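Structure, as structure tokens:
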Amino acid sequence: MSRNLLLLLLTLMSCLSNAASTTRYDFNVPRQGANVFAYKGTSLTQVPSTNTTPSVQHSVGDYRAISRNDGSTSVISTATSDHYASLRYTIDIAEDRSNVSGLSFLWNGQASNVGVDRSDGVRIYIWNFTSRRYELAVSNTTGTEVNLSFSATVNVPNYIDSATNRIIFYIVSQASAVAGSNNSIFTDYLYLDVTSEAPPPASLLANFQFDECAYSGTGNEVIDQLGRYSATSHNSVNTSQDAKIVKALGISNAQQHIQTNILLPASYSVS
């Protein structure tokens, strides 16, 4: 059966630099408990092997306390022997995972452990969805209020769930509690900045309309309307009247084809 080719457009993804934009996620905007979540709890294990604990979601008051850097705090505390205070934050971002080029996280708070010979401070981890484990990002060993921050600019998609666009942070006390002595984490504020690159615009590379009167197999007779990559027909390719506009390319067997040489970029599409 004859196949009539009506139009071929080859588009090239532009190589120009694209503008980057940064969006801040915290517990003020977007809405708490909708696409940003906070959980707290205690455990005998300092760093879990899964990303689902702790699992007790913050109360309305806790969410309000961490929504602004205003001195009000959400507290998680334990005085149970060898237990750790811990927090888990999940943030579902709106950006396309493949376009995200940087993550910047900040936590403001303090952590005190009044147990004898126990260190103050916290450790902050980020979940790697590729290796399926937490990676230590930053830590401290002081009991005073601090800003702890870190950035990720390499292998950034590894830290974003491909199914949900979720990023997960885990904060845990630097040392476990001594029985009867409080081991506490006070959180005032935290945010995540997500930097993404705008997808590159597409630009037309070649345009073949296949509306020539006839083909004879001579060089460059199949015209590229942009004048760059005109092609040659092979094996008695014919024209067809069965077209939407003027004529079409009529191919009646597998040997018939047109040929040109186009240096293709890494990203392109044909339509």
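With the structure loaded, tell me whether Val194 is outside any strand (DSSP E or B), within 22 Å of Ile126 (Cα to Cα) and within 32 Å of the chain's Cα centre (by Cα) or whether it fails that test.
Judged against the criteria, Val194 is not a match.
If I go through the stretch 94-134 residue by residue, how many of them are open to solvent by 10 Å² or more (accessible area, probe 1.4 Å), out of contact with any Gly (no Cβ under 8 Å at 6 or more places or on another chain) and either of a type in the set (Asp, Glu) or not in a strand (DSSP E or B) (or both)?
15
Which residues, taken from the stretch 236-255, are touching a strand residue (DSSP E or B) at 6+ places or on another chain (Cβ under 7 Å) and either assigned to a loop (DSSP other than H, G, I, E, B) or under 21 Å from Pro201 (Cα atoms) (or both)?
Of the stretch 236-255, the ones touching a strand residue (DSSP E or B) at 6+ places or on another chain (Cβ under 7 Å) are 237-240, 242-243, 247-251.
Across the stretch 236-255, the qualifying residues are Val237, Asp242, Ala243, Lys247.
Of the conditions (1) modelled with pLDDT under 85; (2) open to solvent by 40 Å² or more (accessible area, probe 1.4 Å); (3) of a type in the set (Val, Ile, Thr), Thr239 clears all except one; give me its number.
So Thr239 meets the others, but not (2).
Please give the number of the condition Ser98 fails out of (1) at pLDDT below 95; (2) closer than 30 Å to Ala19 by Cα; (3) more than 18 Å from the chain's Cα centre (by Cα); (4) not charged (D, E, K, R).
With respect to (1) at pLDDT below 95; (2) closer than 30 Å to Ala19 by Cα; (3) more than 18 Å from the chain's Cα centre (by Cα); (4) not charged (D, E, K, R), Ser98 is out only on (3).
Results for (1) modelled with pLDDT under 95; (2) open to solvent by less than 50 Å² (accessible area, probe 1.4 Å), shown as yes or no for each residue.
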residue: Ser21; (1), (2): yes, no
residue: Asn35; (1), (2): yes, yes
residue: Gly41; (1), (2): no, yes
residue: Tyr84; (1), (2): no, yes
residue: Arg88; (1), (2): no, yes
residue: Ile91; (1), (2): no, yes
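The values are calculated or read from the model by the stated rules, or taken from the named source; none is laboratory data. Predicted, not measured: the structure shown is a model, and the values here were computed from it. Every residue, glycine among them, receives a Cβ derived from its backbone with ideal geometry; neighbour counts consider all protein chains shown. For the accessible areas, the whole protein counts, side chains as well, though only heavy atoms, and no ligand, DNA or RNA atoms are used. Shrake-Rupley method; radii C 1.70, N 1.55, O 1.52, S 1.80 Å.
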